[in-house]
Amino acid sequence: MQARVIEEFGEPAVFETREIETPEPGPGEVRIAVAASSVNPVDYKIRRGDLPPFAPEFPAVLGCDVAGTVDAVGDGVTAFEPGDEVYGMPGGVTGSPGALAEYMVADAEAIAPAPESLSLTEAAALPVVALTAWEMLIDRASVDSEDDVLVYGGSGGVGHVGVQIVSAAGARVVATGSTEEKREIAKELGADATVDYTETSVEEYVESHTDGAGFDVVFDPIGDDHLQTAFEAVRPYGRVVTTESSSTQELEAMHLNALSLDVVLVILPILRDAWHARLGEELREIADLVDDGDLAPLLDERRHGFSEVEEAHRRLEEGDALGKIVLENDL
């Protein structure tokens with residue numbers, strides 16, 4: 001089969017097309033005829049060598065997100081059969097080949113039936129960002145209808161899903177955005193209010209949207225300076241959830257206000273077989289949200305084939321996208 005592979009870490013140009021052996025599903029596994037994938041920051045960080053614990057074995061096939069059709073099943077698989085449309089986040093790190101190939105093998109427990117209301121291209125945009133937002137908001141922060149939630153980057157990859165999950169939970173959501181276009185998108189996705197954080201201080205928007213009390217939950221999929229402001233925006237005994245793990249933060253405000261801080265690394269379960277079933281279960285719940293009309297992926301207007309993965313990575317790294325960049329299999 002053909003695949004886009006890398007033989008070394010580096011710039012987007014390290015991708016090359018190569019003929020490699022078609023994988024066979026082992027016990028408990030399925031083989032997926034890949035229809036599409038999408039690009040996430042974790043993908044380019046792995047390509048650059050920025051995440052040593054998740055470094056792949058060369059030659060490496062990257063791509064954490066996948067959507068496609070089951071092509072073959074291994075011994076013991078009863079949940080899927082050839083022809084089923086599926087989606088998930090089953091590989092693309094360490095020794096687990098990813099989706100940038102004609103076929104991909106996955107643990108049957110780590111995937112789920114694709115949402116019926118989406119095309120496979122649309123479904124491929126969801127796994128990493130939706131699983132991240134789900135773990136942050138549902139598993140960690142336990143958001144419910146009584147909460148006021150601040151979502152940073154409400155039109156971003158993880159943020160746009162976060163807005164919709166909070167809205168579906170019946171909570172009040174305030175989303176930030178740096179431009180009028182981004183703030184309008186957040187409103188269309190379900191935000192009750194938006195904030196231009198480039199013009200409004202934390203103190204001002206906390207006063208405006210919570211009467212100075214602070215938000216019950218601050219959802220931070222961005223990190224760096226945003227995580228520091230999260231400690232200022234959340235109420236005493238409030239909850240901060242973030243994907244940031246590499247920056248240095250001043251924790252005095254967190255300690256003085258007895259805050260709860262959770263850090264999410266969504267790709268970690270790929271490495272732990274015991275957690276694969278959890279991925280599949282959450283993907284099913286996410287698919288239900290989609291098919292109930294409560295969640296939809298925001299796609300960048302430009303589409304790329306696997307043959308253009310270099311350009312897709314470059315665009316995401318440079319911030320040249322509004323919505324998820326999807327990759328359609330043209331190998």
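Just so it is clear, none of the values below were taken in a lab; they were calculated from the coordinates. In this text, all values refer to a predicted model and were calculated from it rather than measured experimentally. Glycine also receives a Cβ, built like all others from the backbone with ideal geometry; neighbour counts cover every protein chain displayed.
Only Cα pairs under 8 Å and 6+ residues apart enter the sum, and on that basis the relative contact order of region 129-263 stands at 22 percent. Using a cut-off of under 19 Å, list every residue of region 35-63 whose amide N is near the label point 7 Å from the Cα of residue 17 along the Cα-to-beta-carbon line. What the label zone holds, given the 19 Å backbone N cut-off, is 35-38, 60-63.
Remark: C-alpha extents of region 129-263 on the principal axes read 36, 31, 30 Å, sorted largest to smallest. Remark: the residue 203-residue 58 segment gains 47.3 nm on full extension, using 0.36 nm per residue and subtracting the alpha carbon distance.
Working from the pairwise distances between different alpha carbons, so that the mean of 1/r is found and then inverted, what is the chain's Kirkwood radius in Å?
For the chain, inverting the mean 1/r across all distinct Cα pairs yields 20.1 Å.
Restricting region 55-134 to GluC sites (Glu not before Pro) that sit in a DSSP loop and have at most 13 other Cβ atoms within 10 Å of their own Cβ leaves 57, 116.
Using the Cα gyration tensor of region 215-331, with a ≥ b ≥ c the square roots of its eigenvalues, what is the shape: rounded (a/c below 1.5), prolate (a/b larger than b/c) or oblate (neither)? Prolate shape, in that a/c is at least 1.5 and a/b is the bigger ratio. What is the distance, in nm, between label points placed 7 Å from the Cα along the Cα-to-Cβ direction at residue 263 and at residue 292? Placing both labels 7 Å along Cα→Cβ, they lie 3.3 nm apart.
The relative contact order of the chain, computed from alpha carbon pairs under 8 Å that lie at least 6 residues apart in sequence, is 19 percent. List the residues of region 293-331 whose backbone N lies under 17 Å from a point placed 7 Å from the Cα of residue 181 along the Cα-to-Cβ direction. Output list for this probe position: 298-303, 315-326. The stretch between residue 9 and residue 211, if pulled fully straight at 0.36 nm per residue, gains 67.8 nm over its current Cα-Cα span.
Using C-alpha pairs under 8 Å with a sequence gap of at least 6, the mean separation divided by the residue count of region 60-171 gives a relative contact order of 23 percent.
Size descriptors for region 1-146, from the alpha-carbon set: Rg then Dmax equal 15.6, 54 Å.
Let a ≥ b ≥ c be the square roots of the eigenvalues of the Cα gyration tensor of region 112-195; is it rounded (a/c under 1.5), or, if not, prolate (a/b larger than b/c) or oblate? Verdict is oblate for region 112-195. The tail of the calculated P(r) for region 7-85, taken as Cα-Cα distances beyond 19 Å, holds 49 percent of the pairs. Among the GluC sites (Glu not before Pro) found in region 228-328, those both in a DSSP coil and sparsely packed, with 16 or fewer other Cβ atoms within 10 Å of their Cβ, are 250, 301, 318.
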